[in-house]
Structures are given as structure tokens and as C-alpha cells.
Amino acid sequence: MKTKTLNCLITLLLVTNINAAKLPEDFPGAGSVSLSDKLLIEENTNDQKTEVISLFNGKDLTGWGYSSKTLQGVTFESFDGKTESKEKRFFAKDGILTADTYIESYTERYQTLWTAKEFPNDFILTLEFRASKNADSGVLLRGLQLQCRDYLIAGPYKDLKNYKPQDWNKLEVVVKDNIAHCTCNGEILEDALKLPATGRIGIESDRGQMEYRNILIKEME
């Protein structure tokens, strides 16, 4: 009887200590659960099998290119194996995909680098971006633009508290039933952005230099 009582006391003390322990902020899972985390929990519960895909390999523009409309339809110019676009407006180096600023020699005021693949399914897109001062870029979601800028100066989301100027920030887009929930460092940019039924992911070059890295997508089946 004494042994049984002692074992119960030891178990109670262990559980109490575990519950009382405070995890460091950088410990995996110690932070708040994001919308994408909740979706992934639901997904695991339903035993769906999907995987995270890196859209940018960190070395070159494989999987990306220019899309244009002609009389014959939509054409796609692939940059597979190339480290830069034809006019060097987009380039890959040291794990970073850079959208360079517009200059007068460019034929187009705005230019978008597109994925070769379209994404008709629900998906979670995450990426990190770093904007030069007052930079203006955009992330295209099936053709619809989400402004990606030096927000506190260039807007339109000037009230963000967690945005870090000229530093790396995390953009997260959760698309379900063609509705996108978009956040930057956990703060809502767009709560219910309506998207087309399918389309490519794109990165726009406009004003200033914008850098992107860790561009990941997980499609939901």
C-alpha cells in the first residue's frame, strides 16, 4: 500500500512540474497556433496525404517564367536552369529570389514572374520577404494581387504592429474554397480575399527592390 501511494505522489509531482514549466519562445510549438496550423491539425485528423513543396529552389528560376497573352492564347516562357530573367529584373542568388526595381530601359512598367504550375486546390502558401525602403511589389494569387510592400511607408496596411522594416517578414496565405486569408507576421492583411478557381502564383516587380525566400506551398486534397 505504501509503495502504491508513493508512486501516485511521484506521478502527480511530475505532471504538475510539466504543466508548470514555461517553454522558451523559440521552442517549437511554444507560440500561438496559426490558422494554417489548425488546418494542418484537421488535415492530419482526416489522414489526408499532402506534402510541402518549395516553389523556389534557392539556386535558379526553375519552375518560374513569364506568361503572356497572344492571339494564339497564353504562352509561357520558362526560365528553367537560369539564374536571372532575360532583362535581369528577377534573379536568384544565395537562397534569395530578388524582384528588382523598375528602370526606364524596361519595356514594361510592371512585370510578374509566374510559376509554371497552376493551383486549383485549396492551399497554404508561406514565404518570407524583405523590402527596401518604400518598395512596392506584390504576390499574385491565381492572378489576383496581394500587395507586398514596405507596408509602414508604402501601405496599404500602415497600422501593422509586427512588421519589421528592411528586415525579413513572414507572409502566410491560407486558401479554402477560393477564399484567401492573408497575414503578415500573424497580423491580418486580408480576411476574405476572393480568388479565381485556379491560376498561377506570381511575384511582381514594381518600385524598389524586394527579396523573397523560403517560398513554400502545401496543397490540400
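Read the figures in this text as sums done on the coordinates, not as results from a lab. Computed from a predicted model, the values in this text were never measured in an experiment. Every residue, glycine among them, receives a Cβ derived from its backbone with ideal geometry; neighbour counts consider all protein chains shown.
Of note:
- Highest average first, the peptides 154-162, 177-185 ordered by how many other beta carbon atoms sit within 10 Å of their residues are 177-185, 154-162.
- Most to least packed among 87-97, 122-132, 206-216 [average Cβ atoms within 10 Å]: 122-132, 206-216, 87-97
- With the simple spin-label model, which puts each label point 7 Å out from Cα in the Cβ direction, the N57 to Q145 separation comes to 3.0 nm.
- Scanning residues 5 or more positions from Q111 or on other chains, those with amide H under 5 Å from its amide H are S205, with H placed 1.01 Å from N in the peptide plane.
- P(r), alpha carbons of region 115-221 - 5 Å bins starting at zero, rounded %: 2, 13, 25, 26, 18, 10, 4, 0
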